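In what follows, a single structure is set out as structure tokens and then discussed.
The values are calculated or read from the model by the stated rules, or taken from the named source; none is laboratory data. Everything quoted here is computed from the prediction, not taken from an experiment. Every residue, glycine as well, gets a Cβ built from its backbone with ideal geometry; the counts of neighbours run over all protein chains shown. Note: accessible area is taken over every heavy atom of the protein model, side chains too, but ligands, DNA and RNA are not part of it. Shrake-Rupley method; radii C 1.70, N 1.55, O 1.52, S 1.80 Å.
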Amino acid sequence: MTDDNTIDDDFEAEFVFTWEIENFSHCLPWLWVRSPTFTVESMNATKWCLHLWPKEYTNGIHVEYYLYRESNDNGPEAIEVEFELSFLDADGSPLTRKITTSSFEKDDFKGFAEFVKQDTVFKNRSTEYLPDDVLTARCKLRKPGAQICRAVNSSASSSIGVESSTFEWVVENFSSFKLGDRRMMLVQNTLKDKPSSTLTLSLTGEPGEEELQIEVTHEHMNKPNLTSCEIAVVDTSGNVLISKKDSKYLEGTVWKFPYFLKKKNLLNAESKYMQNDYLILRCDLTVSVGVVSNEMYGYFPTEIDDNLSYLSVMSNDEGYSVVESCSLRTFLENLYEDRTFSDINLKIGTETFPVHRVVLGFRSPVFKAMFERDLTQKDIEIYDLEADTLLKLLGYIYTNTVDELNWEHALKLYQAAKEYQIPSLKQKCSMFLKDNVDPSRGCSVLLLAYENHDEELTGFVQEFISDHDTEIIHSDEWKELKRKNFQLAFETLQFLYLKKIEQKT
């Protein structure tokens, strides 16, 4: 058995099954996610599927990942199979993979109870494992010792149903609200992707120390669901003053949202929470109801030429298929180094960069739109990038790699990748920034993530700041952050405060 976390991809298979799962971060805890069934004709027409147990099972630490043989195939009672299970990144390269050989009877599953840590997938490296919240799982199969001359590829997709709604609740005459009173907010949605919901507000606790109790119900309460809700107190301009976010696995019960507001604090004479005795609550409600669709895309044979074994080694670091991608990668690298056939120039000041429209247009929608404005144009001025940043951006577009990346390059390339809509490069820069952030750099990354609406990176840096709060908040970098974006500094302090409160409770 091999646990291989490199991006080598040298397992020659007679059958490859690739499965994309949309909205994977919203999968339900304690429930399997099962792929569509696929048939491997070369293995006695046996039928298989993949099983994932993503969250909150056994030790609650690892994602479980299994290959399952169906009970209703016409194959032999037992069959020995060598197989590789992997999770892929946005470019199709393995992030985590494991290989083993097992004998499968009918209605039998084998695999890995500790395939990868849940925090790796859902938190620490979510931008790699879940680009656009899509997990790509792959299974490769072959009979032990088989001579592989043809691989059959099959793919499928599943979608986890997610419904979301955002609404504001204005509670009038809040100062007169007392123990025993109840206020209700009914949100009736007619759109399929927005759940109908009811919020009920009451007070609990001793007089003078009453806390707000908010109960949440929605139309999916009668079946297993994962409900996430963020409730915020906002001012009349919509600015968030204080908020709390939580999630709960539910079935047939009313959800009592955790306490985080006291009436006396809201009514305090110096409080900013009340607006003419109005309490304004903004509610963001998301409901996941499990897998709602599965689709198979067919079977596609691929011939394998033994003469390409050397090229296979050359292409391993990109994880592409042997037949098509290795030659294409080599071709693009040569094209980048030899600009003889370039058909347009990008210019920054006095520097000129000969490039190929078809390559840049294919990798970047922004370049594509830029070139389509005038197909006869031979020179385009670039005003929003420095020459060194453009050079590295072009290097990535042609070769899918970034050479000699440092902190300043990563900051600038992250911004460039966002502006030119190259998400895989943005992810690589994000991971570099996470791996190399320190207390002196935290504020600059936080501002970058916030201004680019990168919630995942923003949350990561805020967690980092909470671990180094004393050092960072007393630094010159924090003072500069407050000067540039006071709202962001305020929201980060609020995050730190709420986290400390949660730790105490």
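Where the alpha-carbon atoms of the chain are placed on the principal axes, they occupy 82, 71, 44 Å, in descending order.
Across segment 201-286, the relative contact order, built from alpha-carbon pairs under 8 Å that are at least six residues apart, equals 35 percent.
Suppose R0 equals 30 Å. What FRET efficiency, 1/(1 + (r/R0)^6) with r the Cβ-Cβ distance, do V366 and I99 give to the nearest 0.05?
Details: r = 40 Å, r/R0 = 1.33.
Working from the Cβ atoms, E equals 0.15.
Within a straight-line Cα-Cα reach of under 19 Å, K47 can be paired with the following lysines, leaving aside sequence neighbours fewer than 8 residues apart in one chain: K106, K110, K140, K143. Against the chain, whose longest principal axis comes from its Cα atoms, helix 325-337 is set at around 80 degrees. Helical runs (DSSP H, four residues minimum) scored at -39500 (n - 2.57) apiece and divided by the length of the chain put the mean residue ellipticity at 222 nm at -8000 deg cm²/dmol. Computed across segment 57-193, the Kirkwood hydrodynamic radius from all distinct Cα-Cα pairs reaches 19.6 Å. At full extension, K262 and S228 could sit 10.1 nm farther apart than now, given 0.36 nm per residue minus the alpha carbon distance. Using a probe radius of 1.4 angstrom, the carbon and sulfur fraction of the accessible surface of the chain is 49%.
A Förster radius of 25 Å combined with the Cβ-Cβ distance from E502 to H453 puts the calculated FRET efficiency at roughly 0.50. Here the dipole of segment 148-290 is about 420 debye; that uses its Cα centre as origin and unit charges on the Cβ of Lys and Arg (positive) and Asp and Glu (negative).
In this label model, E295 and E219 are separated by 2.3 nm, measuring between points 7 Å along each Cα→Cβ vector. Where the alpha-carbon atoms of segment 350-483 are placed on the principal axes, they occupy 57, 27, 25 Å, in descending order.
The amide H of E219, built 1.01 Å from its N in the peptide plane, has S196 as neighbours under 5 Å, considering only residues 5 or more places off or on other chains. On a per residue basis, segment 129-199 carries 50 Å² of accessible surface, using protein heavy atoms and a 1.4 Å probe. Placing unit charges on the Cβ atoms of the charged side chains and taking the dipole of the chain about its Cα centre, the candidate lying farthest along the positive direction among S243, A45, F331 is S243.
Extension gain for D388 to Q487 (0.36 nm times residue separation, less C-alpha to C-alpha distance): 32.4 nm.
3J(HN,Hα) along segment 18-35: 10, 10, 9, 10, 7, 6, 5, 5, 9, 5, 7, x, 6, 10, 5, 10, 10, 7 Hz, from the Karplus curve 6.51 cos²θ - 1.76 cosθ + 1.60 with θ = phi - 60°, whole Hz, x for Gly and Pro.
Rounded to the nearest 20, the size of the Cβ-charge dipole of segment 418-458 about its Cα centre is 140 debye, with Lys and Arg at +1 and Asp and Glu at -1.
Extending 7 Å from the Cα toward the beta-carbon at both E251 and Q275 defines two label points whose distance is 4.1 nm. Using θ = phi - 60° in the Karplus curve 6.51 cos²θ - 1.76 cosθ + 1.60, the 3J(HN,Hα) couplings for segment 249-254 round to 7, 10, 6, x, 10, 7 Hz; x is entered for Gly and Pro.
Among the listed pairs K178/K263; K123/K479; K194/K223, those whose Cα-Cα separation exceeds 21 Å are K123/K479.
With charges set only on the Cβ (+1 for Lys and Arg, -1 for Asp and Glu), what does the dipole of the chain come to about its Cα centre, in debye to the nearest 20? Mind dumping the intermediate values first?
Values: 53 positive and 84 negative charges, 323 e Å.
Using only the charged Cβ atoms, the result is roughly 1540 debye.
Probing with 1.4 Å while keeping every protein chain in the model, the per residue accessible area of segment 423-503 equals 52 Å².
Here the simple spin-label model places points 7 Å from the Cα toward Cβ, and for D343 and D467 these points are separated by 4.9 nm. In the full protein context, segment 328-383 carries 64 Å² of accessible surface per residue, based on a 1.4 Å probe and ignoring ligands, DNA and RNA.
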